[in-house]
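The values are calculated or read from the model by the stated rules, or taken from the named source; none is laboratory data. Only a predicted model underlies this, so the values are computations on that prediction, with no experimental measurement involved. Every residue, glycine among them, receives a Cβ derived from its backbone with ideal geometry; neighbour counts consider all protein chains shown. With ligands, DNA and RNA removed, areas are computed over all heavy atoms of the protein, side chains included. Shrake-Rupley method; radii C 1.70, N 1.55, O 1.52, S 1.80 Å.
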Amino acid sequence: MEFKNETIRDFSINTERTTLHSVLNSIKDLIPFQIPISTGKLEKFSPNPFIHKNPWSPESIVSKVSLANAKDLEETIQTSKEEGNHWKHLSQDKRSQILNLVADTLVSKKDFIIAVCIWETGKHIMEAEIEFAEAVDFCRYYAMVSKNQLADKHINLLGEDNSYYYQPKGIIGSISPWNFPMAIFTGMCAGPLVTGNIVLAKPAEETSATAYEITKCFWEAGVPKGVLHFLPGLGSEIGEAIVTHPEVSVINFTGSRDVGLSILRKTALVPHGQRIIKKVICELGGKNAMIVDADADLDVAIQSILSSAFGFQGQKCSALSRLFVHNDCYDRLKERLIAAMDGLLIGSPLDFENRIGPVIHEESYLRLSNLQKENERFLIGRTSSVPNTGFYIPPSLYEPPIDSSMWTSEIFGPLLSIQKIFSFSEGIVYANDSDYALTCGVISRNPKHIAQAKLEIEAGNLYINRGITGAVVNRQPFGGGKLSGTGAKAGGPDYIHLFVEGKTYTENTMRQGFSRDTLQ
Amino acid sequence: MFRIKFGCYIMFTKQMQYDDTKILSIAKIIDTKIGSLIQRFVFYTTSKSIHFGFRYPKLKLQIFKFIDVLPSLETKKIYPYFKIYLFDEDTEIPIFLKSSIQFLIKTFCLGKLVSSLILKIVKVFAKFFILTDSPKNLKKLNSSIRPRTYDVLGETAVSPKEAKEYLRQYSELLELLPEVPLDIDPKLRTNISIKCSGIETRLYPEAEEMSGKYLKETLRPLLRLAMKKGIGINLDMEQYDLKSIICRVAKELFLEAEFKKYKHFGIVVQSYLRSSTEDLKVWKEYAKDRGVPITIRLVKGAYLEYERIKAEERGWISPVFDTKRETDIKFEENVLFLLDSSPFLRPAFGTHNLRSLAFILYHANNRSILDFEIQMLYGMANKYKAGLESMGIIIREYSPIGALLPGMAYLIRRLLENTSNQGFLYQMSLGKNLDSLITNPKEEIINGI
């Protein structure tokens, strides 16, 4: 089976733009979306839903999200017991086939899903388009690799049959974030499902409508509701319940470092009556650096910095936040970068010319505004024109001292710090001086430095002479080390192995006086 | 049915054979009516050095990479980089040669000297292709007999501030250039080629309408100034991503009341695009409606690799043809269409290919069309320019203006064009005879049948 990445549409074609525009505008009449809980058999709505406001015009409510609780979780686990076995015993081919169908179903609803995502997140159209393609890729890619990699392996001797085979881990809790509600949510469900597991999908509250649209595609393509459960709600409530439930064997988590570490702590305790050791897969934050070398092509550097630091308002774990620039080009780069930042258009993502949209919600907005105020004395450049309404944070560039927390804590917003270096090696030391090791970039035309970077830089994904975001399934398996996570490498060949357990059986096939072969 | 088809082919081939014989004889005239001894010498050395480049492709690649990084280096760092790119990396230079050169430089502490020497050599080389480093120096130039289309070079504009600076340079250029008399031969009219992404950064394919609005606002003052002085304006074509925006802007702007009557606007069509035939048809209809001709510069296209890589990345069918031959066939088709569209479209052919040049002359002559242009890059194919000029053809030179070192990226592109595997000069450098060089690109198809 050959894997081909889903194509990104050419929006210079007029009809592509106009269709999407009209779908985007039609959302106005459909909101607020009422998001139910699905426990396998039935869908229900909870009282006191979570309210998510539109990020660029907060007076309108995009979604009212039902909040699942421990009781709902119990229900899903009961239904799973009835349906899970059937799913588990389907052949790998069959399950891969269904996942390919999920991909097709997603594609058939592309415009609508993208539109819902943009309304929930304030993402730019191109960012959404690329993210959607990634979601489709996850389904097709995991379908292919599990078919290729999970077949039984036999070693048969004269009187002994041995087999190494894979069994699904059981019930997987997939707790996903709001920043990539299409790609990450889909990937975190597709991997465990295609390998035969039950999935409890807990999307982020902010993007439950997008996640619900995607979940419906899974169901429509043939994944039973009793196998993929949809449990929107609060992390502190349903998230916590999933993490601590004695029958959930794997927690598949993407989100903040604090939550990730607390999941690891909680799951390390095995309460009385729990018969599994839980496995935790976590993809946490990043504090990603880029080193701009003395000989860098500044055109490439600036274009890479803009997209990496400010794409989707910097709300990506792969986003650039620490910039180390060689003395030889520091002043020139700084001047050009600040001018380029000032040229970024900020505003509603419904107007496709805007490069920067709003941040996800008021809480983020207030947190980032405070950070900006605290660090105002280090500010050296900022996009000047910002709309009045909406949660807009202007992209900003800081020159903080090296002991400032701007260099260490994850910001998740369009705030970038810059620091002068005097040698490439110094840049590597700074880049590695971090709790995280997710993505890193090098802009250099010195082959020796590039070789050195490959050897010495601590990052799951190292990018040379390009931006550091936008990993593509199969081409750039994504995930980092250190406190960035357990190195799950989503979109890579190893990911599906996280949801299966190797088992063997050995059978003595000798009978008195003859073996299988002597009879032939 | 097969027989009918076949019969048609034979007739077709006969006509084509006749045409090709004629085209060959024109090509011979262009090629042999040589200008000065110097031009012959330059032509000879260029083809020899290109030939050299092809014998040592790794060395060629490293030299190009080195020239590409050069503008970012301090002078004292030039030799260390030269060493990294040419001696430390795998090239065809024999190891003993590498080490003895390095030994010499090291022993006699020649690093600094070599650095500035390299810089000088590259600058001298750049001067062959870049007219001057600033519009202000234009007057100092020995005003050549050839008409030009001027182009301002530089780094990519990454901010409105930088775009404004380019815009200022274009305006300055327009101010400095002398006014053009109304009744001048259109081939002699001064012209400016504008790279739209240089003067306006807010060009986004997904927001074509707004991008178009921004670009029009930026262009209007330039067009006004050009009109006042009787200077022609040509909007250059860039990567495929921007084609739709640039064409939309051209169509809308040239129809605006103040510009509608001006005869000296132009745009580019690239034959390597699969859509080029369609594009030409659209322009013809447009020009008919407008009632005033538009100049179309027909080129083969300069972003081939880029377009292929981008298309592959996005999973698109490449907008460009896969082979040089298909592009050559399309180019000839487009030449005929353009000639047949005169006077609605004013043809301007940009090519250095001998076959293409002879093809254009032959068919223009057949149709008795006089109002067409041949455009060539400044510093390139001077021998052909001289040959054509001796035949009474006026050549317009596409002349870049800009600082020598930052203009280097431009230079690299020119070099790559010159030395591309299937490039004409390369073929020539192999010592092939003229007849085989100017074969009809379609011929292989017919032979295949």
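Which residue, of B:329, B:317, is open to solvent by 10 Å² or more (accessible area, probe 1.4 Å) and within 14 Å of chain A (Cβ to nearest Cβ)?
Working: B:329 fails: within 14 Å of chain A (Cβ to nearest Cβ).
None of the others qualify; the one that does is B:317.
Are any residues in the stretch A:290-307 in contact (Cβ under 8 Å) with a residue 12 or more places away in the chain, of a type outside the set (Gly, Ala, Ser) and either open to solvent by 10 Å² or more (accessible area, probe 1.4 Å) or closer than 11 Å to residue A:465 by Cα (or both), and if so, which ones?
So the first thing to find is which residues in the stretch A:290-307 are in contact (Cβ under 8 Å) with a residue 12 or more places away in the chain, and the list is A:290-298, A:300-307.
Among the residues that remain, those that are also of a type outside the set (Gly, Ala, Ser) are: A:290-293, A:295, A:297-298, A:300, A:302-303, A:305-306.
A:290, A:291, A:292, A:293, A:297, A:298, A:300, A:302, A:303, A:305, A:306 - these are the residues of the stretch A:290-307 that are in contact (Cβ under 8 Å) with a residue 12 or more places away in the chain, of a type outside the set (Gly, Ala, Ser) and either open to solvent by 10 Å² or more (accessible area, probe 1.4 Å) or closer than 11 Å to residue A:465 by Cα (or both).
Go through the stretch B:170-199 and give me each residue that's within 17 Å of residue B:215 (Cβ to Cβ) and either in a helix (DSSP H, G or I) or among the basic types (Lys, Arg) (or both).
Matches in the stretch B:170-199: B:170, B:171, B:195, B:196, B:197, B:198, B:199.
Yes/no matrix, rows are residues, columns are (1) under 28 Å from residue B:85 (Cα atoms); (2) away from chain B (no Cβ under 13 Å); (3) open to solvent by less than 30 Å² (accessible area, probe 1.4 Å); (4) among the aliphatic types (A, V, I, L, M):
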| site | (1), (2), (3), (4) |
| --- | --- |
| A:446 | yes, no, yes, no |
| A:452 | yes, no, no, no |
| A:455 | yes, yes, no, yes |
| A:465 | yes, no, no, no |
| A:477 | no, yes, no, no |
| A:484 | no, yes, yes, no |
| A:490 | no, yes, yes, yes |
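Considering only residues that are polar (S, T, N, Q) and within 23 Å of residue A:367 (Cα to Cα), look in the stretch A:268-313 and name the one that is nearest to the other protein chains (Cβ to nearest Cβ). Before you say what the answer is, go through the steps one by one.
Applying the first criterion (polar (S, T, N, Q)) to the stretch A:268-313 yields A:274, A:288, A:303-304, A:307-308, A:313.
From what's left, within 23 Å of residue A:367 (Cα to Cα): A:288, A:307-308, A:313.
Working: A:288: 21, A:307: 12, A:308: 14, A:313: 17 Å.
Per the criteria, the residue is A:307.
Could you please find all residues in the stretch A:1-42 being of a type in the set (D, E, K, R) and more than 14 Å from chain B (Cβ to nearest Cβ)?
As a first pass, look at the stretch A:1-42 and keep what is of a type in the set (D, E, K, R): A:2, A:4, A:6, A:9-10, A:16-17, A:28-29, A:41.
A:28, A:29, A:41 - these are the residues of the stretch A:1-42 that are of a type in the set (D, E, K, R) and more than 14 Å from chain B (Cβ to nearest Cβ).
Of the numbered conditions (1) open to solvent by 10 Å² or more (accessible area, probe 1.4 Å); (2) in a helix (DSSP H, G or I), residue A:391 satisfies every one except a single condition; which is it?
Single failed check for residue A:391: (2).
Which members of the stretch B:123-159 meet the condition of being over 20 Å from the mean Cα position of the chain (by Cα) and buried (at least 20 other Cβ atoms within 10 Å of the Cβ)?
Listed by number, the residues that qualify are B:135, B:157, B:158, B:159.
Results for (1) surrounded by 19 or more Cβ atoms within 10 Å (Cβ to Cβ); (2) away from chain A (no Cβ under 14 Å); (3) free of Cβ contacts under 8 Å to residues at least 60 places away in the same chain, shown as yes or no for each residue.
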residue: B:203; (1), (2), (3): yes, no, yes
residue: B:225; (1), (2), (3): no, yes, yes
residue: B:236; (1), (2), (3): yes, yes, no
residue: B:243; (1), (2), (3): yes, no, yes
residue: B:249; (1), (2), (3): yes, no, yes
residue: B:256; (1), (2), (3): no, yes, yes
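For residue A:182, only one of the following conditions fails: (1) more than 17 Å from residue A:128 (Cα to Cα); (2) open to solvent by less than 10 Å² (accessible area, probe 1.4 Å); (3) not charged (D, E, K, R). What is its number?
The single condition residue A:182 does not satisfy is (1).
Within the stretch B:332-343, is there a residue that is surrounded by fewer than 20 Cβ atoms within 10 Å (Cβ to Cβ), small (Gly, Ala, Ser) and in contact (Cβ under 8 Å) with a residue 12 or more places away in the chain?
Checked the stretch B:332-343: at least one residue is surrounded by fewer than 20 Cβ atoms within 10 Å (Cβ to Cβ), small (Gly, Ala, Ser) and in contact (Cβ under 8 Å) with a residue 12 or more places away in the chain.
Here are the criteria: (1) away from every other protein chain (no Cβ under 13 Å); (2) under 30 Å from residue A:301 (Cα atoms); (3) small (Gly, Ala, Ser). Tell me which single one residue B:197 does not satisfy.
In the conditions (1) away from every other protein chain (no Cβ under 13 Å); (2) under 30 Å from residue A:301 (Cα atoms); (3) small (Gly, Ala, Ser), residue B:197 misses (1) alone.
Could you go through the stretch B:350-361 and let me know if any residue there is part of a strand (DSSP E or B) and either at pLDDT 95 or above or crowded, with 17+ Cβ neighbours inside 10 Å (or both).
Taking the stretch B:350-361 first, the residues part of a strand (DSSP E or B) are B:350.
Remaining after also requiring either at pLDDT 95 or above or crowded, with 17+ Cβ neighbours inside 10 Å (or both): B:350.
Checked against the condition, which is being part of a strand (DSSP E or B) and either at pLDDT 95 or above or crowded, with 17+ Cβ neighbours inside 10 Å (or both), the stretch B:350-361 yields at least one hit.
Before we move on, is residue A:370 free of Cβ contacts under 8 Å to residues at least 40 places away in the same chain and either open to solvent by 10 Å² or more (accessible area, probe 1.4 Å) or within 13 Å of chain B (Cβ to nearest Cβ) (or both)? Give the derivation first.
Values: free of Cβ contacts under 8 Å to residues at least 40 places away in the same chain: yes; either open to solvent by 10 Å² or more (accessible area, probe 1.4 Å) or within 13 Å of chain B (Cβ to nearest Cβ) (or both): yes.
Here the answer is yes, as residue A:370 does meet what is asked.
Here is a check on your reading of the model: is residue A:129 surrounded by fewer than 24 Cβ atoms within 10 Å (Cβ to Cβ), farther than 20 Å from residue A:210 by Cβ and not aromatic (Phe, Trp, Tyr)? Before you say what the answer is, go through the steps one by one.
On the way: surrounded by fewer than 24 Cβ atoms within 10 Å (Cβ to Cβ): yes; farther than 20 Å from residue A:210 by Cβ: no; not aromatic (Phe, Trp, Tyr): yes.
The answer is no for residue A:129.
Exactly one of these conditions fails for residue A:229: (1) more than 14 Å from chain B (Cβ to nearest Cβ); (2) buried (at least 22 other Cβ atoms within 10 Å of the Cβ); (3) in contact with a strand residue (DSSP E or B) (Cβ under 8 Å, 6 or more places away or on another chain); (4) not in a strand (DSSP E or B). Give me its number.
With respect to (1) more than 14 Å from chain B (Cβ to nearest Cβ); (2) buried (at least 22 other Cβ atoms within 10 Å of the Cβ); (3) in contact with a strand residue (DSSP E or B) (Cβ under 8 Å, 6 or more places away or on another chain); (4) not in a strand (DSSP E or B), residue A:229 is out only on (4).
Can you tell me which residues in the stretch B:58-96 are closer than 19 Å to residue B:406 by Cα and open to solvent by less than 30 Å² (accessible area, probe 1.4 Å)?
B:62, B:64, B:66, B:67, B:69, B:70, B:73, B:78, B:79, B:81
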